[in-house]
Amino acid sequence: MKRFVHNPILEPIKANSWENRSVFNAAAIYSDGLVHIVYRAQGTDMVSRLGLATSNDGFTIKERFDTPIFTPVNHAERDGCEDPRLTVIDDQCIMAYTAYRNHDFPIIFQISLTTINLTDFVKRNWNWKERTLPFPGVRNKDAVIFPRKVDGKYVMFHRIEPSICVSYSEDLKRWHDFKSIMEPRDKMWDSVKIGAAGTPIELNEGYLFIYHGVDEKKHYSLGAALLDKSNPEKVLYRSEKPILTPCEGYECVGDVPNVVFSCGNVQLDDQVIVYYGGADTVLCGASYELNELLPKK
Ligand code: BMA
């Protein structure tokens, strides 16, 4: 992938106590001529909250808000709302994130879901609806809702270590038919554990699904998979090599070294733009021409 020339695109702001330590892993949606970037931020209290920045062209930040748009409200997430992933279906914007609490033993992280009306989101009316726990008490993260219902059901990818799993729901509350669909691959860049990056993107050939993989050295890289158009459980292709692996200073040095970690991507014309956290400290971007990304016929 081509890294943005001006990486990192977001850095901590010292004057804002909620985001003065790190700003990273971000969701992204394109609506009303704007890319809306919802990023994870940590301040001195180490609690993760979500902030918002926008861009017209995907590359340059146009606006950044001084206050968080989403903060912890319940016991399950008292130490943070982490790693948001956004999916728009009809006029509903669905957010999956990791609810984190570290005050109990063992440390518990689990996935949580909420929704907001797309019009409210775009108008900055933060009317987030009920927050639900699809699998209460299960150590689970990297959840993302597939951008289309399949046979009338919502589809969610999520990660129970070390694999990417799928589950289905009629109402976004009760989830069933849980199974693993992608496993780590021995001795490769994704040999230890894997998880979703951003929301899959629909192409003629199938769904482009970018995911992260961790290797034996604990390096986090990004790779691409292609999912069958009518059956998102069917993986047609998986990249042998990563499409992005940590090598720049802002990816190798920071709170957690050697990490590129993505929760969001958008398609703008023939380009896929991927937003990713560098070393759990700053937010960066990289892009790909679609015809370069797809396997040659
Ligand atoms: C994962 C998540 C991410 C983080 C990554 C690297 O397990 O917690 O938020 O970016 O580890 O530290």
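The values are calculated or read from the model by the stated rules, or taken from the named source; none is laboratory data. Since this is a predicted model, take the numbers as computed values, not measurements. Backbone-built Cβ (ideal geometry, glycine too); neighbour counts: all protein chains shown. When the accessible area is computed, the model is the full protein with side chains, heavy atoms only, and any ligands, DNA or RNA have been set aside. Shrake-Rupley method; radii C 1.70, N 1.55, O 1.52, S 1.80 Å.
Worth a mention:
- With only the Cα atoms considered, the chain has a convex hull volume of 127 Å³ per residue.
- Accessible surface, per residue, of the chain when the full set of protein chains is kept, probe 1.4 Å, Å²: 42 Å²
- Expressed as a whole percent, the accessible surface of the chain that belongs to carbon and sulfur atoms is 49, based on a 1.4 Å probe.
- Cα-based Kirkwood hydrodynamic radius, the range 45-166, one decimal, Å: 15.5 Å
- Coil-residue GluC sites (Glu not before Pro) of the range 193-297, DSSP, other Cβ within 10 Å capped at 12: Glu216, Glu240
- Each eigenvalue of the Cα gyration tensor of the range 208-297, multiplied by 5 and square-rooted, gives one semi-axis; in descending order these are 24, 15, 11 Å.
- The share of C-alpha pairs in the range 106-246 whose separation exceeds 25 Å stands at 32 percent.
- The slack in the chain from Asn102 to Gln271, taken as 0.36 nm per residue of separation less the alpha-carbon distance, amounts to 56.9 nm.
- The relative contact order of the chain comes to 16 percent, based on Cα pairs under 8 Å that sit 6 or more residues apart.
- Based on C-alpha pairs under 8 angstrom that are at least 6 apart in sequence, the range 122-167 has a relative contact order of 26 percent.
- Accessible surface ranking that places the most exposed of Met46, Met188, Met182 first, with a 1.4 angstrom probe: Met46, Met188, Met182
- Legend: calculated FRET efficiency, Glu240 to His6, from the Cβ-Cβ distance at R0 = 45 Å, rounded to 0.05, equals 0.90.
- Exposure rank, largest accessible area first [Thr60, Thr245, Thr98; 1.4 Å]: Thr60, Thr245, Thr98
- Note on Leu34: accessible area is roughly 20 Å² with a 1.4 Å probe, heavy atoms of protein only.
- Total formal charge among the other residues, if their Cβ is under 12 angstrom from that of Gln267, Lys/Arg +1 and Asp/Glu -1: -4
- Straight-distance crosslink candidates among aspartates and glutamates, where the alpha carbon sits under 13 Å from Lys153 and sequence neighbours closer than 8 are dropped: Glu170, Asp171, Asp177
- Descending principal axes extents, the range 1-112, alpha-carbon based, whole Å: 44, 37, 28
- For Thr44, solvent-accessible area (1.4 Å; no DNA, RNA or ligand), Å²: 110 Å²
- Loop trypsin sites (Lys or Arg not before Pro), the range 25-87, which have at most 13 other Cβ atoms in a 10 Å radius of their Cβ (DSSP): Lys62
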